[in-house]
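None of the figures in this text is laboratory data; all of them are computed from the coordinates on show. Just so we're clear, the structure is a prediction, and the values are computed from it rather than from any experiment. No Cβ is skipped: glycine too gets one built from the backbone with ideal geometry, and neighbour counts run over all protein chains shown.
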Amino acid sequence: MEQLAVNNLSLVLAFALVLVAVFVSSKEKLGLSKDILYGIVRAVIQLSIIGYVLTYIFQLNNLVLTSAMSLFIVVNASWNAYKRNPSTQKNYWHSFSAIFISTYITLGILVLSGAIRFIPSQIVPISGMIASNSMVAIGLCYRSLNKQFHDQRQQVLEKLALGATIKLASLPILRESIKTGMQPTIDSAKTVGLVSLPGMMSGLMFAGVDPLHAIKYQIMVTFMLLSTTSLGSIIAGYHAYKNYFNHDLQLLDEEETE
Amino acid sequence: MPILTLENVSFESKQQKIIKNIDLSVEEGAFLTLTGPSGSGKSTLLKLIASLITPTDGKILFENQFQSSFQLTDYRQQVSYCFQQPALFGATVKDNLVFPFLVRDEEFNQEMVQEHLELVDLPTSFLDKKITEISGGEKQRVALIRNILFLPKILLLDEVTSGLDEKSKEIVLELIRLIHTKGVTVLKVTHDEIEIQEAEHIITIVKGEILNGTAGGE
Ligand SMILES: Nc1ncnc2c1ncn2[C@@H]1O[C@H](COP(=O)(O)OP(=O)(O)O)[C@@H](O)[C@H]1O
Ligand SMILES: [Mg+2]
């Protein structure tokens, strides 16, 4: 870890970088100076708090506390995914079950395979990575569902009129939405290492781990994100399409869902 | 025995009463022609009968059983509604004609579909046509085949001839006649002068109410 040279003094000096942004904002009259400073203050406070909390959790190395911290991340990620659903019929528990299941199946496989150990310094950051990617995928899946139920309203109605179940009537929409949720992960899997060096790998190399070792972790991350976003999108999608119908297998009016 | 009975059926949406206390009894094998001004509630009435919307008041009975007591997917296969200006779905005509088989968990029967395409004067090659590349009249014919590939007990037709060219209109009307002779009860909404003149039983709907009292069917 000797190569890591971020100390308090260098951080204060690096604050000059923020001033660059503030300078650009005021020079170009972007009106962002206040926003930038507010954002910086929040980031510093939030990160300081989480730094202390994590230090405490890492030192304690307690099974219950580690699990609670991981669950806290999942609950928050679920809340954010839920908020991204444009439908008014949305249900928090759909998002929660999707993120909970996708996160812990992935995490479980990682722990059981020995790729990571059940210690807070590994479980907490990996939970965060998995849950946040699941959250993004689910949010995309929700938006795609909503857009397609709007665009393909007449087609869904025709299928229902022909006696289709709501699932059969929604199937192409559901498939497309699940695809939409997974697509960014698949796309970035294709370009990883060529266009960007992802955070996990960069961080390890930054901390002095040799690249050949760092890529192994990155490969693991790619695997786990594929698993999580696919599970998350599927579970969320298969719950959420039902929001667009009532008990009489009728498609709800648009005012009722938007 | 009436195949369909409406008892005091009303439908209200956004504080607006679109269908007002309609009583109607339709005998099995009847051919009813519904007409009335635009916006009077004809489509709404057919959608109520098709269970695509639920009455806010009153009861609908099919073969003497409450509509609500049926498995609605089965019900809609028996009481089949054809939309005014259907959109078709999927990519090709075939996607649309496979669908009635999918709904019933049955294997696609190419021969059966070919026979039906012939009935509406379309070649078999039509199956591979993109739905974006066919005319309104052809769309309406394909849509109608979806409804009758497996004969329903009641066929609900919502202005299926409006806006069609003469040729398509004649083909569609001929098909409807054929379906009726096979014992299917038909309820047809139309504005067409000639169709109304030739109709046996006409029901006029104005402002959500049945105007004339001849609503008896056969
Ligand atoms: N889902 C709906 N919500 C609210 N109003 C509707 C709805 N569907 C139709 N209407 C209104 O109900 C009235 C009857 O419509 P409709 O049944 O389509 O008439 P028609 O088929 O006789 O032209 C119209 O005033 C229409 O604006
Ligand atoms: Mg109408």
Among the residues listed as A:LYS190, A:LYS216, A:LYS167, the single one being among the basic types (Lys, Arg), within 30 Å of A:TYR142 (Cα to Cα) and without any contact (Cβ under 8 Å) to a residue 40 or more places away in the chain: A:LYS190
Per the list (1) within 16 Å of ligand 1 (Cβ to nearest atom); (2) more than 20 Å from A:LEU157 (Cβ to Cβ); (3) within 14 Å of chain A (Cβ to nearest Cβ), residue check on B:ILE203 breaks on (3)
Inside segment B:7-121, counting only strands (runs of 3 or more DSSP E) that do not spill past its ends, which hold 1 or more residues that are more than 16 Å from ligand 1 (Cβ to nearest atom) and surrounded by fewer than 19 Cβ atoms within 10 Å (Cβ to Cβ)? B:16-27, B:57-62
Would you confirm, using the coordinates I've provided, whether B:THR44 is of a type outside the set (Gly, Ala, Ser), under 19 Å from B:VAL189 (Cβ atoms) and in contact (Cβ under 8 Å) with a residue 24 or more places away in the chain? yes
Counting only residues that are within 11 Å of the chain's Cα centre (by Cα) and away from ligand 2 (no atom under 16 Å from the Cβ), how many does segment B:44-77 have? 1
Which of the residues that make up segment A:149-176 are more than 9 Å from chain B (Cβ to nearest Cβ), of a type in the set (S, T, N, Q) and more than 11 Å from A:GLY237 (Cβ to Cβ)? none
Name the residues in segment B:33-43 that are more than 12 Å from the chain's Cα centre (by Cα) and within 10 Å of ligand 2 (Cβ to nearest atom), would you? B:GLY36, B:SER38, B:GLY39, B:SER40, B:GLY41
So in segment A:59-85, with the set limited to residues that are in a loop (DSSP other than H, G, I, E, B) and without any contact (Cβ under 8 Å) to a residue 60 or more places away in the chain, which one is nearest to the chain's Cα centre (by Cα)? A:ARG84
